[in-house]
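The block underneath contains the structure these notes are about, expressed in structure tokens.
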Amino acid sequence: MTKLAAGTTACLGVALATYAVRGRSSTFFGPSVYRGATDRPSLALTFDDGPSESTPGLLALLAAHGVTGTFFQCGANVERLPEAARAVREAGHEIGNHGYSHAPFYLRSAAFIHGELERAQRAIQRVAGISPRLMRAPFGARWFGLRSAQRRLGLLGVMWTDLALDWKLSAGRIVDRVAPRVRPGSILCFHDGRELQPNPDIRSTLQSLERLIPMLLSRGFSFETVSQLLCPKN
Ligand SMILES: [Zn+2]
């Protein structure tokens, strides 16, 4: 492990502990963050519901711009498309846990919530060779039992500062919506899948990022993984 990676891991542990104690009201069901450090002009791109058949196209786009992001993957998709899941990891992106089947946690039992997260955790570990430290609940819906599941699995919840709504908006509307809102520490939520659907159409996502990334780079922003973004540097 490099010195930088070790530092990031230590910082994440502190974030996990401190946010559990003094997080804002949205952490009621479990420790959760919704933005990163604001001491530098950096943001995090996050992608939910992958991997999918459309993920390689997104990886190519990010690589062309030299940008890394964080992918909250569904365990069932990881098992269905192991090469795509591994490609995300091998390209230097961070992988988080988005549950196994994308079933919402709302109104479900603690055992169900733990089972969904644990099964996804095992799938990602087996296929991509890493144990995620971050999770995002499907649909962002938290419920009783999530806190204990997170504690047992060592997972910090990650929400977002802004949703791109990329599953329903055109590329132009995504850019118009997201670009003016980006601030230091922003965590933006996009999608490289549609729950467990095969062959999802993510053209709006790709076309919007093709415009947004150069725009944000020209405004002086850097792109970091969520774990990097959570660590103050100054
Ligand atoms: Zn999702």
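Every number in this text was worked out from the coordinates using simple rules, so none of it is lab data. Treat the numbers as computed from the prediction; the structure is a model and nothing was measured. Glycine also receives a Cβ, built like all others from the backbone with ideal geometry; neighbour counts cover every protein chain displayed.
The table that follows gives values for the structure above.
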| read-out | value |
| --- | --- |
| Alpha-carbon gyration tensor eigenvalues x 5, square-rooted, for the chain, Å | 24, 21, 17 |
| Exposure proxy order (Cβ contacts within 10 Å, fewest to most) of F221, F72, F105 | F221, F105, F72 |
| Isolated Cys residues of the chain, judged by Cβ distance under 4.7 Å to other cysteines | C74, C189 |
| Per-residue [θ]222 nm for the chain (sum of -39500 (n - 2.57) over DSSP H runs n ≥ 4, rounded to 500) | -13000 deg cm²/dmol |
| Positive minus negative residues near A91 (Lys, Arg vs Asp, Glu; Cβ under 13 Å) | -2 |
| Candidates P104, P214, P184: whichever shows maximal mean-square fluctuation once the chain is modelled as a Gaussian network with Cα springs under 10 Å | P214 |
| Viscosity 1.002 mPa s, temperature 20 °C, Stokes-Einstein D of segment 27-135 from Kirkwood C-alpha radius, µm²/s | 147 |
| Of the DSSP H helices in the chain, those whose Cα atoms cover at least 15 Å axially and whose Kyte score averages 0.5 or more | 3-22, 55-65 |
| Relative packing of 191-201, 106-116, which averages over residues the other C-beta atoms within 10 Å, highest first | 191-201, 106-116 |
| Cα-based equivalent ellipsoid, segment 182-234: semi-axes from gyration tensor eigenvalues, Å | 26, 16, 7 |
| Largest-first principal axis extents, alpha carbons of segment 96-234, Å | 45, 41, 29 |
| Around S148: net Lys/Arg minus Asp/Glu count, Cβ-Cβ under 14 Å | +3 |
